[in-house]
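Quick note: the coordinates plus some simple rules give every number you see, no bench work behind them. Given the structure is predicted, the values throughout are model-derived calculations rather than measurements. Positions of Cβ are generated from backbone atoms using ideal geometry, with glycine treated the same way; all protein chains shown enter the neighbour counts.
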C-alpha cells in the first residue's frame, strides 16, 4: 500500500564532532520519505523555494519518491542550522529560517486523497488536521509533533490527536503532552486522548511502544561511528510506517516488527550527514541489520 | 553456588517526589546481598558502627544473608543523604559521612576465601584488589565502580580491572573509564583492559551487555509509580550475579538471562524506599515479571 507524507523539505547546515555539512538536503518529510521508500511507494507533499534545484531532488528520483505534489514557490527554502556536542545527545539550534514554509498550506491533489497510509510529520497541528480532513478515510494515520507546538498550540494539538492512530514522539514530548513526569503514566494519558499506540523514540536508547494491551521496547543499534543524528527520528518513522504499509496489517505483531524496521532505518541515517547513507543503502543491508536486532535482543525465558 | 559481596552498609536519608525516608538501611552491599539472596546463598563482608542495632539487620536474617563477616566497630555507620528531582533522573547528594567506612580494610575470614562468586561493590579499587588477592580463584569476579574512583584512582582501577571478569557501570562511567564519548567504542576499550563482559546500566532505559563476540540489550521494566531509585544499580547487580551463581554457568545464554534477572530485581527495588519492597517480595512475583520481559521484548523476525 502507498504512503503520503506531509512535512518539511529543508536545507540544513550541521556541525557534529565528525565534521560539517553546509546547506544539505534535510527536513522531516525528506528523511521520512526516503527511509519509507525502501518499504512501500511514497508520495511527498511539501513546499520548497526557488533555490531548490532539480539536483536537490535527485535522491527522491533515485528512490522512486513521487514529488509531483512538492510545490516550488517564490522565495527561499526552509533552512535550519545546528551544532551537536561531543556525545551527540545535546543539540543546539543556531538558526531557523522558515522562509516559504511559513506560508505552507497543504492542499491535496484529488489523486492523493485515497492513499491508505498517512504520515503527518512535525508541522503546525492545525495543518496536520487540515490534511487529515482532506483525506478519504486512510487506514492508518501516524504523526509526530514537538515541544514548540505542545506549548504553543495545545488545544489544536489535542483536537488533532483525537483523529490519529499512532503518535511518534520522544520521552520529553510525551511527558509534556500529558503534563506528567512519569513516561508510563504519560503514555496512558496520551492513549486516552485518541491514538491507539504511542511510539516513544529514545535516541541512542532505542524505542518503545505503548498500546492499550501491549508494551514493547527495543534498544537502538549500537553504532561505533555515529556521524550526524539529524533526521534519525523521521527516518525511524519512515521505516516504521513503511513496514506497516508493506505488510498492510496493523496488528500487534506488525507494529513490533515496524519498531525494528524503524530502528534499523534510524541507525543507517546517523551513519552519514544528510540523507547520504540512503543513497548507497542496499535492501540486503537492511535485512542483515534486522536480523542483528533479533540476535541482540533474544534470550531464553527464565524458569 | 555461593556469593560473597564486599561493599557498604549505610543509613540513607532520601527525598523523592513520593516522599521521604530518614536514616533507613542502604548501602551497595545491602541492596546487592538482599537482591541476590532470592537466587543463591550470600555472604556479606562490610562494616557498621555502634549505631547499627540488631533490628537493622533483620532483613538480612529474613533473607538468610550470612552476616557473620559484618563487623561492628566503634564509631558511626556510613551515612548518605540525597534528593531526587521530579522525573527521578537527577540526583543531588546532600551529604556523605563515611564514618567507620573510612577505615574499612576488608579482611576475609578463612572460610570465605573459597566462595565461587565474588561481587566487589563500589569501594576504593585498592580495597577491591586486596579482597581479590585474599580469595582462592573464584569462578566469577564482578565489580562496580564510580566517577570518584575513575578520576581519583585511575591507576589502581586499571590494575583491578585486569583481574576481573565482569564490570557493571553506567554509560557515563564507561565513557569516563575509556576516555571515549561513544559508548560502543568505550566498551571495546574496556574489554581490552581485562573484563570479558561489560554490563552498562542505563536506569529507566534498561541495560546492555558488551562482550567480545556478543551484544545484548534489554529495556527497563516500565513502572508507573517508581518511588525511590536508590539502590537500583546494586539490586540489578544482585539479580545479575545471583542468577549466574544459581545456574552455575557463565556462557552467553546465561549472561543474557542474568541481565533479565538483574532488570527484574532493579524494578522491584525502586517500588519502595530503602529495601522495603524486598521484604514482601515473593519468588512467584519475580517469575511473573521475568515472563513479562519476554512479552515486552519479543518480535517475529522480519524477512
(Q) Given axes a ≥ b ≥ c from the Cα gyration tensor, I'd like to know whether chain A is rounded (a/c under 1.5), prolate (a/b larger than b/c) or oblate. (A) rounded
**Q.** Rotation relating A and B, chain B residue nearest the axis via C-beta, angstrom
**A.** B:205, 2
Q.
Averaged over its residues, how many other protein chain Cβ atoms are within 10 Å of peptide A:171-181's Cβ atoms?
A. 1
Q | Relative contact order %, segment A:74-141, counting alpha carbon pairs below 8 Å whose residues are six or more apart | A | 28 percent
Q. Where is the GNM fluctuation largest for chain B (alpha-carbon springs, 10 angstrom cutoff): B:94, B:275, B:70?
A. B:94
Q) For residue B:92, which inter-copy label distances result when the label point lies 7 Å beyond Cα on the Cα-to-Cβ vector, reported in nm to one decimal and in ascending order? A) 2.4
Q: Would you kindly work out, in nm and rounded to one decimal, the distances from the label point of residue B:294 to those of the same position in each other copy, ordered shortest first, with label points 7 Å along Cα-to-Cβ?
A: 1.8
**Q.** Peptide A:31-40, shielding by other chains (average Cβ, 10 Å cutoff)
**A.** 0
(Q) Given contacts defined as C-alpha pairs under 8 Å and at least six residues apart, what's the relative contact order of segment B:17-150, whole-number percent? (A) 19 percent
Q: Quickly estimate the mean residue ellipticity at 222 nm for the protein assembly as shown, helices only: each DSSP H run with n ≥ 4 gives -39500 (n - 2.57), and the total goes over all residues, rounded to 500.
A: -11000 deg cm²/dmol
Q: Note the distances from residue B:189 to each other copy's matching label point, with points 7 Å along the Cα-to-beta-carbon direction, in nm, sorted shortest first.
A: 4.1
Q. Using the Cα gyration tensor of segment B:51-159, with a ≥ b ≥ c the square roots of its eigenvalues, what is the shape: rounded (a/c below 1.5), prolate (a/b larger than b/c) or oblate (neither)?
A. oblate
Q | Isotropically averaged projected area of segment B:167-303, using the convex hull of Cα atoms (one quarter of hull area), nm² | A | 9.4 nm²
Q. Tell me, A:42, A:83, A:218 in order of fewest to most beta-carbon neighbours within 10 Å?
A. A:83, A:218, A:42
Q: Partner chain Cβ atoms within 10 Å, averaged over the residues of A:217-225 - can you pull that number for me?
A: 6
